[in-house]
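Written below as structure tokens is the structure these notes are about.
Where a number appears in this text, it was derived from the coordinates with a stated rule and is not lab data. Just so we're clear, the structure is a prediction, and the values are computed from it rather than from any experiment.
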């Protein structure tokens, strides 16, 4: 593991973890990815784009998927989470949307997140103070700057040349959120 300095503020450093994985249609069917995610879950969890794979965790996991045919607790657009959940509801939000149009077409019947900034704002609303967001994609862009998040970790999942590497970040909200008072 290599620790790099966060050049955004010069104060924080975080680990970068590197794994070789066999890609799968469903992100969490890779044992290494699943174990990494499950080891980083805390408290009540929202799996915001659950797909078909179920994560294991000792506390509650609320599964959401936009596709009404998926086995999920809710079928809500991530850009409308605050219409369905109270603010400060979840300790962890896992955000694993389709990374590309090709992935959306092949695995999600063409369904994808169309407004990333809106989705991030909604995740920010339903996340508790001190909570964390585990976000997957083809970049390490996490929660927007100015939202009082601290980068805790970056994971690189090398797909062994078959496709782009999968990247994941863990961003944690500062624990002094005034919305709780």
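Taking each residue as 0.36 nm, the span from residue 141 to residue 75 lengthens on full extension beyond its C-alpha to C-alpha distance by 21.2 nm. Once the chain from residue 125 to residue 83 is taken as fully extended at 0.36 nm per residue, the excess over their C-alpha distance is 14.1 nm.
For region 11-65, rounded, prolate or oblate, judged on the Cα gyration tensor with a ≥ b ≥ c (square roots of eigenvalues), a/c < 1.5 rounded, else prolate if a/b > b/c?
Values: a/c = 2.06, a/b = 1.14, b/c = 1.80.
Oblate is the answer for region 11-65, as a/c is 1.5 or above yet b/c matches or exceeds a/b.
A full extension of the chain between residue 159 and residue 26 corresponds to an added length of 46.6 nm, given 0.36 nm per residue minus the alpha carbon distance.
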